[in-house]
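The values are calculated or read from the model by the stated rules, or taken from the named source; none is laboratory data. Just so you know, these numbers come straight off a predicted model, no measurement behind them. Neighbour counts run over all protein chains shown; Cβ positions are idealised from the backbone, glycine included.
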Amino acid sequence: MDKMEEISLEKRIKKELRAGASASRPSQAWTFLNSTFGIFLLSSVFISLFSWGYAQWSAARTQHADKERTWIRLKVEIANRIRYVDKMASRFPSRDYAVIRTAIYGYDPQANVNPSWIRHYSPVFPEYKERSLSSLIWELETLENGGRREQLDKLRRISYQTEYYFDRLEYSEVKRADRKEPDEFYNLPPGDSEKLRSETIQPLEAIGKLGFEN
């Protein structure tokens, strides 16, 4: 056998050895996977992946439920405050003045004048007691991930008009024949009541029609 034949034979042997080794790899891998340890390893990986996936799904579902619950609570609180703000559209007793004020600005525990006989707004949910109307709408806006954020932002800016109209309230007295003290009232200047309802109250009432979307 000459040199060229030896080289050719050597190459053919190496090629056959490589082919045999490659053919044996899938068989070895399958044997390993079917072994007790292989099955245990696969089971551990599957369980870990399943547990992680379930934890992620469960956390997302809980977060969604929490956001929906907060959305509903905020809507109820805002609607209740708007009901009190609407009292400014007509003449109201002076005893409601502080109630309307705290419905707009929130209760200030640091206020210098908070005697017990002064009535304040009672929130539907106590945790919102010190929150202003505009801040509640802002929080509602942060819960919105869809295309209504612009609408809620506009409504939040409209809510500032409640502060403007509150500052325009005028005090008046009506004397009574049956007692010394007069009846005390507050009311808006002529023309402001209709503007309050059409430009502020009615737009803000749209918040109550917004369902939760996420």
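Over 30 Å from residue 66 (Cβ atoms) and among the hydroxyl-bearing types (Ser, Thr, Tyr), is that true of residue 200? Yes: the conditions hold for residue 200. Name every residue in region 139-151 that is at pLDDT 80 or above and in a loop (DSSP other than H, G, I, E, B), in order of residue number. Scanning region 139-151 gives 143, 144, 145, 147, 148.
Just so you know, in region 101-138 the residues that are of a type in the set (Asp, Glu) and not in a helix (DSSP H, G or I) include one that is modelled with the lowest pLDDT, and it is 108. Annotation: residue 209 fulfils all but one of (1) under 18 Å from residue 77 (Cβ atoms); (2) touching a helix residue (DSSP H, G or I) at 6+ places or on another chain (Cβ under 8 Å); (3) surrounded by fewer than 16 Cβ atoms within 10 Å (Cβ to Cβ); the unmet one is (2).
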